[in-house]
Amino acid sequence: MEFRPSVTPGIVPGHHTGQLGTFLTGSESFTDFVGATAPHLLPGAGIAASPAHGGNAADTLGVPHGTTIIALTYSGGVVIAGDRRATSGNMIAQRDIEKVFVTDEHSAVGIAGSAGIAVEMVRLFSVDLENYEKLEGVPLSLDGKANRLAGMVRQNLGAAMQGFVVVPLFAGYDTDIADPARAGRIVTFDPTGGRYDENLGFHAVGSGSVFAKSSLKKLHDPAADLAGAVRTAIEALYDAADDDTATGGPDTVRRIYPVVVGIDADGAVRRGEDEIAAVVEQVIAGRRERPGGPSR
């Protein structure tokens, strides 16, 4: 695992014009603009750095939590996937929450932790990337995207100390790398905003991550094609749900299936429900024959 420090976005004096420019901070970051003009709109704003009456505020309020997210590379890019369950304590808060989001043409983010703050963070991150591209005329580099997200996680530290932790998983296709087999990248974060490149080719976050990573360790094949990577992702989420009550398994009765996004040179695409349903049926059929799952 390689550590890369965050990079402060460059300042572009006099770059912006028009009425909006009178309010801007000199940075091309939309997040900086919101922080300067309406800081109460930032994710986690207004939450004190320490509990007022002791204990964990997130648990006291019964805040829904998202759970298991996984990502893995394949020969042409990277796949990121997540289950659909949100929990509040020992209760299921929502059965069909979406925790994986396409954030721009070549990247996607999966969220684990306090669901409300996490979703708002990803939405703001998507706007920030779009705003940068409109102002500069070119997309932000993949490292720049990861550093931007790290900064947003760091801004949530006060809330995290009360239990409102957000731990995203970032996956993207690096268009600056010529070899497609190496262009799929996975970046992880800790609650303080530290960012880390995952060089093993797979990672998982959330309550079921230990079981998902154990599955990925055996099944991940960096030479696989997209279909093979999607199948491996579903297998890993199935294993996580098998041992972690907070991770939801495929619900064939309600037709609730994992959200899976594939990212390659052609862009980030959410895989269709019919495609995922077919893979789920294959996985379930295989588990009837071998309950412990396949081994590579």
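The values are calculated or read from the model by the stated rules, or taken from the named source; none is laboratory data. Not measured: the values here are computed from a predicted model. Here the Cβ positions follow ideal geometry from the backbone for every residue, glycine too, while neighbour counts run over all protein chains shown. Note: accessible area is taken over every heavy atom of the protein model, side chains too, but ligands, DNA and RNA are not part of it. Shrake-Rupley method; radii C 1.70, N 1.55, O 1.52, S 1.80 Å.
Numerical summary
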| quantity | calculated |
| --- | --- |
| Top-ranked residue of region 160-201 - restricted to ones that are assigned to a strand (DSSP E or B) and touching a Pro at 6+ places or on another chain (Cβ under 7 Å), ranked as most open to solvent (accessible area, probe 1.4 Å) | Val167 |
| Selection status of Ala285, more than 18 Å from Glu98 (Cβ to Cβ) and of a type in the set (A, V, I, L, M) | yes |
| Single residue of region 96-151 satisfying the filter (part of a loop (DSSP other than H, G, I, E, B) and more than 28 Å from Ser207 (Cα to Cα)) that is farthest from the chain's Cα centre (by Cα) | Gly137 |
| Pairs with Cβ under 8 Å, 6+ apart, first in region 32-45 and open to solvent by 60 Å² or more (accessible area, probe 1.4 Å) and modelled with pLDDT of 70 or more, second part of a helix (DSSP H, G or I) and not polar (S, T, N, Q) | Leu41/Val34 |
| Subset of region 202-214 (residues that are open to solvent by less than 10 Å² (accessible area, probe 1.4 Å) and either out of contact with any Lys or Arg (no Cβ under 9 Å at 6 or more places or on another chain) or assigned to a helix (DSSP H, G or I) (or both)) | Gly208, Ala212 |
| Residue within region 64-82 that is assigned to a helix (DSSP H, G or I), modelled with pLDDT under 90, open to solvent by 30 Å² or more (accessible area, probe 1.4 Å) and under 18 Å from Asn156 (Cβ atoms) present | no |
| Asp266, sole failed condition from (1) open to solvent by less than 80 Å² (accessible area, probe 1.4 Å); (2) free of Cβ contacts under 8 Å to residues at least 60 places away in the same chain; (3) within 17 Å of Ala108 (Cβ to Cβ) | (1) |
| Pair list, Cβ under 9 Å, 6 or more apart: region 93-112 residue closer than 18 Å to Thr73 by Cβ, other residue assigned to a loop (DSSP other than H, G, I, E, B) and of a type in the set (Asp, Glu) | His106/Asp174 |
| Residue match in region 104-125 (condition: of a type in the set (S, T, N, Q) and touching a Ser or Thr at 6+ places or on another chain (Cβ under 7 Å)) | no |
| Only listed residue being farther than 21 Å from Gly184 by Cα, in contact (Cβ under 8 Å) with a residue 60 or more places away in the chain and small (Gly, Ala, Ser), chosen from Gly137, Gly151 | Gly151 |
| Qualifying positions in region 216-238 - open to solvent by 20 Å² or more (accessible area, probe 1.4 Å), more than 16 Å from Gly184 (Cβ to Cβ) and either without any contact (Cβ under 8 Å) to a residue 24 or more places away in the chain or touching an Asp or Glu at 6+ places or on another chain (Cβ under 9 Å) (or both) | Lys217, Leu219 |
| Hits in region 248-283 (condition: at positive phi and either in contact with a strand residue (DSSP E or B) (Cβ under 9 Å, 6 or more places away or on another chain) or in a helix (DSSP H, G or I) (or both)) | Gly267 |
